[in-house]
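Here is the structure we will look at.
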Amino acid sequence: MPIVPKHYITPEEYLSRERKAEFRSEYFRGEMFAMAGASANHNLIVGNCIQTLGQQLKKKPCRVFPSDLKLRIESTGLYTYPDVSVVCGEPQLESDAGDVLLNPVVLVEVLSESTEAYDRGKKFEHYRTIPSLKHYVLIAQDRHSIDCFTRSADGSWSLTSCQGLDGKIMLDGIDSALVGAEVYDKVSL
């Protein structure tokens, strides 16, 4: 049986398709990957993070963006949609369309059973190559658990974790914090 070669999609073709699509897809090395929908808990956690960080950053030169803003990792070519992105200073955008971010300082992903291994593994490998990134936050939606990888001045990454509603993750790079009770407000586990 003959093997049908995959059609390589250029980044420009991906962006054109994505801007018209009814659902979101990631892009990597010429292929598009459809993204699954999110649960109620996932959406509550994302909303709580946006609200919490937005309040803390209100008088600072930082902006909080929801998951509709694409991110491009310049060194690897991955286009993806982080659940929450924070930029301090002016956002660097890939084009005049204004829908592809290049310089996040904080990225937040809410974990699901189907994405946790990818978010902790390959996706973090991509994210680590972003020069501006200082914090990568992973939030469980099936338990009260938040992990934060923080980049040190020497480029190494350290992990801080908190469990329970009383726990707190410090985001020193933006002089903010995520508190378990705020992140999980109204979330049913």
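In table form, for the structure just shown:
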item: Scope the stretch 117-151; condition more than 24 Å from Gln51 (Cβ to Cβ) and surrounded by fewer than 20 Cβ atoms within 10 Å (Cβ to Cβ); matching residues; result: Ala117, Tyr118, Arg120, Gly121, Lys122, Phe124, Glu125, His126, Arg128, Thr129, Pro131, Arg151
item: When residues of the stretch 93-113 are limited to those that are under 16 Å from the mean Cα position of the chain (by Cα) and of a type outside the set (A, V, I, L, M), the one farthest from Arg29 (Cα to Cα); result: Ser112
item: Qualifying position, being at negative phi and at pLDDT below 95, among Ser85, Ser95; result: Ser95
item: Those residues of the stretch 57-70 which are within 17 Å of Glu12 (Cα to Cα) and out of contact with any helix residue (DSSP H, G or I) (no Cβ under 9 Å at 6 or more places or on another chain), in sequence order; result: Leu69
item: Check on Lys6, over 18 Å from the mean Cα position of the chain (by Cα), closer than 26 Å to Val183 by Cα and modelled with pLDDT under 95; result: no
item: Residue match in the stretch 166-176 (condition: among the small types (Gly, Ala, Ser), within 18 Å of the chain's Cα centre (by Cα) and farther than 16 Å from Val110 by Cα); result: yes
item: Residue match in the stretch 54-70 (condition: among the hydroxyl-bearing types (Ser, Thr, Tyr), more than 24 Å from Tyr184 (Cβ to Cβ) and modelled with pLDDT under 95); result: no
item: Strands (runs of 3 or more DSSP E) wholly inside the stretch 86-189 that include at least 2 residues being farther than 16 Å from Cys62 by Cβ; result: 106-111, 135-140, 145-151, 157-163, 168-171
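The values are calculated or read from the model by the stated rules, or taken from the named source; none is laboratory data. Small disclaimer: the values here were computed from a predicted structure and weren't measured. Here Cβ is always computed from backbone atoms with ideal geometry, including for glycine, and neighbour counts include all displayed protein chains.
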